[in-house]
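Asker: Here it is, the structure in full.
The values are calculated or read from the model by the stated rules, or taken from the named source; none is laboratory data. Keep in mind that this is a model prediction, so the values were computed, not measured. In this analysis, Cβ positions are derived from the backbone assuming ideal geometry, glycine residues included, and neighbour counts consider all displayed protein chains.
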Amino acid sequence: MKRFQLSALAIAAALSFGSALAQSTASPNSGTSPTGGRSAPAAQAGTGTRNAETGKDDKVSRGDRKFIDEAAGSGMFEVQVGQLASSKAQDPDVKKFADMLVDQHQRANDELTKIANAKHVEMPAAPPRALRRDIENLGKKQGQEFDTDFVKSVGIKAHEKDIKVFEKAAKDVKDPELKAFAEKSLPMLKEHLAAAQKLPQAGGKAAEDAARMGASGHSMGASPGNTGGGASTKTGGGSGANKTGS
């Protein structure tokens with residue numbers, strides 16, 4: 001009888017010890033939630049750490065951050081689509097224009113990146129989805145169609161939009177470094193627009209005038225000092241002579 005009682009006590013003690021051991025080993029994984037629920041999931045990359053790394057971001061106004069996003073996105077687009085045109089364009093002048101876009105927009109992007117990093121403002125990783133789609137669609141075109149679409153959509157339309165964004169930023173941006181960047185970039189953007197408008201693929205008056213000047217330069221090589229004679233000889237020099245003679 002005593003042996004049976006001792007065995008029962010030993011079993012009870014073993015069960016009690018096992019229960020306590022199970023609770024002590026399970027507690028570290030149960031979480032620290034005061035409500036006793038499941039533990040919170042591990043922090044996702046780029047959430048909590050992003051706020052810690054970009055502490056100065058709060059000092060940059062929302063409008064200034066929006067300009068950084070827009071300028072960075074359009075700048076990356078210009079570089080990527082310029083690289084595409086540099087390899088696919090048929091016209092050598094279009095290739096030269098594309099090379100200029102890649103070189104100058106890349107330098108502008110590098111400068112903007114330095115400004116944003118100094119202020120701990122996160123830069124976009126790629127152009128906006130709509131601009132990436134434009135690059136894909138342009139990449140499907142070939143030859144003259146590619147050249148014309150690139151000059152009109154990128155050289156003219158994209159730069160007209162960029163100029164408006166940068167002109168607004170030059171007036172409204174609060175951060176002095178960003179304001180200086182916008183003001184410094186405007187002449188470059190206007191130069192790109194003017195260069196695109198003079199390409200034959202652009203059509204319109206600027207391209208016609210550039211083509212006419214180029215043709216007059218070849219046809220009037222004997223009189224390089226005459227800059228206005230090309231148009232008059234092309235439309236009929238007799239009328240010009242009569243006009244001066246009268």
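Asker: Among the residues of the range 58-72, what is the count of those that are basic (Lys, Arg) and at pLDDT 95 or above?
Answerer: 2
Asker: Scan GLY217, GLY230 and give me the residue that is touching a Gly at 6+ places or on another chain (Cβ under 9 Å) and either at pLDDT 95 or above or buried (at least 17 other Cβ atoms within 10 Å of the Cβ) (or both).
Answerer: Matching residue, one of GLY217, GLY230: GLY230.
Asker: Next question, about the same structure. Can you tell me how many residues within the range 103-126 are over 14 Å from the mean Cα position of the chain (by Cα) and farther than 24 Å from GLN83 by Cβ?
Answerer: Here the count works out to 4.
Asker: Looking at the structure I just gave you, is VAL102 in contact with a Ser or Thr (Cβ under 7 Å, 6 or more places away or on another chain) and either over 25 Å from VAL60 (Cα atoms) or surrounded by 16 or more Cβ atoms within 10 Å (Cβ to Cβ) (or both)?
Answerer: yes
Asker: Okay, moving on. Return the only residue of GLY55, GLY82, GLY37, GLY18 being out of contact with any strand residue (DSSP E or B) (no Cβ under 9 Å at 6 or more places or on another chain), of a type outside the set (Ser, Thr, Tyr) and either within 30 Å of ALA195 (Cα to Cα) or modelled with pLDDT of 95 or more (or both).
Answerer: The conditions single out GLY82.
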